[in-house]
């Protein structure tokens with residue numbers, strides 16, 4: 001898929017195939033990324049969490065553990081195969097009651113309107129570069145978040161160079177998300193925003 005960044009440049013990006021999902025959820029990645037730490041930092045018990053581009057549920061699992069029985073996680077992915085992996089994994093770990101799976105479209109998250117303004121925190125980890133219109137994505141996320149809600153996104157530097165990442169930060173700010181900080185997530189650039 002070809003996408004245009006904020007500088008007007010076109011970049012070729014491909015959606016990560018579900019056939020390679022095992023590469024996204026293994027003990028090495030858990031050791032490097034420590035998804036429980038990310039969950040503990042941003043998610044509170046009882047929260048409603050959006051995990052956009054959830055893939056095989058690498059982060060979904062920890063978000064679901066963290067929200068507890070009173071919270072929920074919406075695992076959103078373009079690929080039906082990824083969502084099946086999430087379902088099987090959450091079911092085998094006793095977390096399925098906390099997770100709602102949703103297959104998005106290439107151009108929209110497509111969650112029901114009644115969910116607008118109901119999410120406490122949203123994540124888009126290693127996926128924004130696969131989206132044809134990042135500004136539209138950020139606008140949808142802003143609409144889904146509660147006032148004061150948190151949005152966290154991270155991109156790998158070997159796919160998304162610094163200038164392109166900063167362009168995406170600017171797009172998020174343009175749609176009304178206030179930048180709180182820039183950090184590194186292992187070796188990946190990350191940014192945290194608040195919805196005003």
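The values are calculated or read from the model by the stated rules, or taken from the named source; none is laboratory data. In this text the structure is predicted, and so the values were computed from the model without any measurement. Positions of Cβ are generated from backbone atoms using ideal geometry, with glycine treated the same way; all protein chains shown enter the neighbour counts.
For (1) under 11 Å from the mean Cα position of the chain (by Cα); (2) more than 12 Å from residue 101 (Cα to Cα); (3) in a loop (DSSP other than H, G, I, E, B), each residue gets a yes or a no:
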position: 36; (1), (2), (3): no, yes, no
position: 41; (1), (2), (3): no, yes, no
position: 46; (1), (2), (3): no, yes, yes
position: 54; (1), (2), (3): yes, no, yes
position: 57; (1), (2), (3): yes, no, yes
position: 61; (1), (2), (3): no, yes, no
position: 65; (1), (2), (3): no, yes, no
position: 70; (1), (2), (3): no, yes, yes
position: 76; (1), (2), (3): yes, no, no
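Could you list all residues from region 108-120 that are surrounded by fewer than 16 Cβ atoms within 10 Å (Cβ to Cβ) and within 26 Å of residue 189 (Cβ to Cβ)? Show your work before the answer.
As a first pass, look at region 108-120 and keep what is surrounded by fewer than 16 Cβ atoms within 10 Å (Cβ to Cβ): 108, 110, 112-114, 116-118.
Residue satisfying the conditions is 108 alone.
Would you check if there is a residue in region 115-127 being in a strand (DSSP E or B) and without any contact (Cβ under 8 Å) to a residue 60 or more places away in the chain? Spell out the reasoning first.
First, the residues of region 115-127 that are in a strand (DSSP E or B): 119-125.
Next, only the ones that are without any contact (Cβ under 8 Å) to a residue 60 or more places away in the chain stay: none.
No, region 115-127 has no match at all.
Going residue by residue through region 91-108, is there one that turns out to be touching a helix residue (DSSP H, G or I) at 6+ places or on another chain (Cβ under 6 Å), modelled with pLDDT of 95 or more and under 17 Å from residue 138 (Cβ atoms)?
No, that holds for no residue.
If a residue must be more than 16 Å from the chain's Cα centre (by Cα) and not in a loop (DSSP other than H, G, I, E, B), how many such residues does region 78-107 contain?
Step one: list which residues in region 78-107 are more than 16 Å from the chain's Cα centre (by Cα), which gives 80-81, 84-85, 87-98.
Adding the requirement that they be not in a loop (DSSP other than H, G, I, E, B) leaves 80-81, 84-85, 87-92, 96-98.
Final tally of qualifying residues: 13.
Being more than 27 Å from residue 67 (Cα to Cα) and either surrounded by 22 or more Cβ atoms within 10 Å (Cβ to Cβ) or in contact with a helix residue (DSSP H, G or I) (Cβ under 6 Å, 6 or more places away or on another chain) (or both) narrows it down to one residue among 165, 138, 123; which is it? Lay out the reasoning, then the answer.
On the way: 138 fails: more than 27 Å from residue 67 (Cα to Cα); 123 fails: more than 27 Å from residue 67 (Cα to Cα).
Within the list 165, 138, 123, the selection yields 165.
Filtering region 171-196 down to residues that are surrounded by fewer than 14 Cβ atoms within 10 Å (Cβ to Cβ) and touching a residue at least 40 places away in the same chain (Cβ under 8 Å), which residue is nearest to residue 126 (Cα to Cα)?
Among those that are surrounded by fewer than 14 Cβ atoms within 10 Å (Cβ to Cβ) and touching a residue at least 40 places away in the same chain (Cβ under 8 Å), it is 186.
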